[in-house]
1. Checking the table B:58/B:243; B:159/B:369; B:58/B:299; A:28/B:56; A:55/A:88 against a 19 Å threshold on Cα-Cα, which pairs fail?
2. If R0 is 30 Å, what FRET efficiency do you get for residue A:29 and residue B:374 from their C-beta distance, rounded to 0.05?
3. Just report the Cα centroid separation between the stretch B:260-290 and the stretch B:18-52, whole Å.
4. With r defined as the distance between the Cβ atoms of residue B:77 and residue A:3 and R0 fixed at 25 Å, what FRET efficiency is calculated, to the nearest 0.05?
5. Once the other residues with Cβ under 12 Å from the Cβ of residue B:120 are scored (Lys, Arg +1; Asp, Glu -1), what is the net sum?
6. Counting only DSSP beta bridges with both residues in the stretch A:32-196, tell me the antiparallel percent, nearest 5.
7. Along the principal axes of its C-alpha atoms, what lengths does the stretch A:32-196 span, in descending order and rounded to whole Å?
8. Residue B:102 versus residue A:46, label points 7 Å from Cα toward the beta carbon: distance in nm?
Amino acid sequence: MSTRGGILSAIRANQPELTVLPDVEPLKAYANKENLLAQFTTIATNIGAKIYEAKNLAEVKSVIQNNFGADVKIISTISELSDIADTKEYLNDLPVQLADVELTILQSDLAVAENSAIWITEDQMGQRVLPFITQHLAIIVNAKNIVATMHDAYSSIGITTQGFGAFIAGPSKTADIEQSLVIGAHGPRSMSLFLLTGD
Amino acid sequence: MSTTSTKDHAELAGQFNADEQRVDWHDETLWWIRQKRDKAVNQFPEWELLRETGSKIKEHTLSNLGNYLEAFEANALANGITVHWAADAKEHNQIVHGIIKKHGVNRMVKSKSMLTEECHLNEYLAENGIEVIDSDLGERIVQLAKEPPSHIVLPCIHKKKEEIGDLFHEHLGTPAGVSDPQILAETARQHLREVFLTRKIALTGVNFAVAETGEFVVCTNEGNADMGAHLSEVHIASMGIEKIIPKREHLGVFLRLLTRSATGQPITTYSSHYKKPRPGQEMHIVIVDNGRSVQLGRKDFRNSLKCIRCGACMNTCPVYRRSGGHSYHNAISGPIGSILAPNLDMEKYADLPFASTLCGSCSNVCPVKIDIHDQLYKWRQVIVKAGYTTKTKSAGMKLMQWTLSSPGIYHAAGKAGRMVMKYAPFAVNNALNPWYKQRDMPKPPAQSFDEWYKKNRGKK
Ligand code: SF4
């Protein structure tokens, strides 16, 4: 018998009698839907993200220009930012060629209040490695797109057909050395969240 | 590792206890993490329902595991992923080696995977001339120290920063005497970035594999799994058969449970959902049994396959906290490791189910409600019946001596001891407990001073 067949038949011989799959719906009823923006902001700040409320992209742009010099490599998937960022060329690069990117600006359609995670799909990343390899990460999300819990988040995501997606919560970090928190492990050293409150 | 394998838990715990300050630090730090867990979970009135739901989802999955694995495989194949099956550690290692050989390279970067520790993949590949670099900071540290991880979530929790500084000085060129975590972590960042950028093949573990979609989810705080995987031309993901969950929406349950139980964090920085290789990339999944299907058939122990590897049972365990992960001489240490290990080799790990006070704290914190301390108790009986008593006797006696001679443990175990004596006298006064016959057992206080104080301090 093949290894596969052997494993599967051993499992079938040993697995217990079928039990019922529980419903996750009842968990949704506990969600605190009060003031999702404030919940989100508190947790995001606690885990080391920087929060900016902005009315529009022009405000986002000015914050970025105040924080990053004109001489650093900035990449964005948002075409309206083409005057401050590379929004096209980087797509032709091999992932390793993105090693020198200083700031990446992405857009998300979904944020979660209970843990301040942001859902980003492959399309919104431009290249999969970008939100990880960049020294600094900025994400723009409309405050209207904040949901209460992970249950709501998965209801909203459904079963996308995209090849890759990630929840990202704050900058990369480690506490492996004596439990001292160090921000900037292998991924971004900072995460800025722009919450659009305008339209 | 090989030098410790002949020693049992009590002897190894004795070694760890030689450095009292380190033991105190280890104990307090893990307890502090346990408290962070409490703070995080107490915010949710639905926490118990969440645990119950997680536990029941896993129970259902185990009851239909054959079908879910086949569905997962079919969906993963349709997504363009190559799926391999490995009956045991050896076959897993051969499959991984075969993929590496096919690509004509001799080095690989790896993110955290307890399964590859269980399979001793690094040693196997080293023997075959392949260099593996572990990219999780804690794992890199223990790798440089030529030690196994001592905790499934916090691999180098047993190390002091000065020791890490010495390792970095020797291997990564930091100035002698530097032990600032900030500087050491930055050094590792630079060193590992170079590794990520130059390795064609990356191996990651798997936290959850979704039958419905054929995708797998990997959780890290450091971003190391993603750096390795997205920069590689070939991504290999190794998973045990028990990582399966039926539907994507179930991730909502498990991602809420996992890190709150582990460290009190609301979620890991990255929860990455890998579904298809990126264009031009090769993606492989290795599905590993290695004794799990046998455990599935052990009615009393199959629940251990629900484990989501959060480490909460270790952080809360009075024995783990004061004996250290290496004393369990197994890839997975602590209470859950003591249930999983005897399934693989009952004789070699006969001592582990005795490395517990049966206080039940592990079962209380377990996010998927595994009856950990009951299973430890049941293993003791199986092991004695199977005739591994010599080791049992010495292990049981040594644990008792060690517990009673260590005020920290006795204090933590006092409550448990009382409970065990009251409800399960068999557990202390019986043939399994040779110590009891020969000496006077100090009576656990009816109420420890600590508890008395807590109860009474409010009263005047
Ligand atoms: S047994 Fe439970 S508490 Fe222990 S690591 Fe597994 S899931 Fe966590």
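1. B:159/B:369; A:55/A:88, as the Cα separations exceed 19 Å there.
2. The formula returns an efficiency of 0.40 here.
3. So the two Cα centres are separated by 25 Å.
4. Working from the Cβ atoms, E equals 0.95.
5. Neighbour charge sum, excluding residue B:120 itself: -4.
6. Once the DSSP bridges in the stretch A:32-196 are tallied, antiparallel ones form about 25 percent.
7. The principal-axis extents, from largest down, are 43, 41, 34 Å.
8. Simple spin-label model gives 4.6 nm for this pair.
Bear in mind these aren't lab numbers, they're just calculated from the coordinates by the rules spelled out. Keep in mind it's a predicted model, so treat the numbers as computed, not measured. Please note: Cβ atoms are built from the backbone with ideal geometry, for glycine as well, and neighbour counts cover all protein chains shown.
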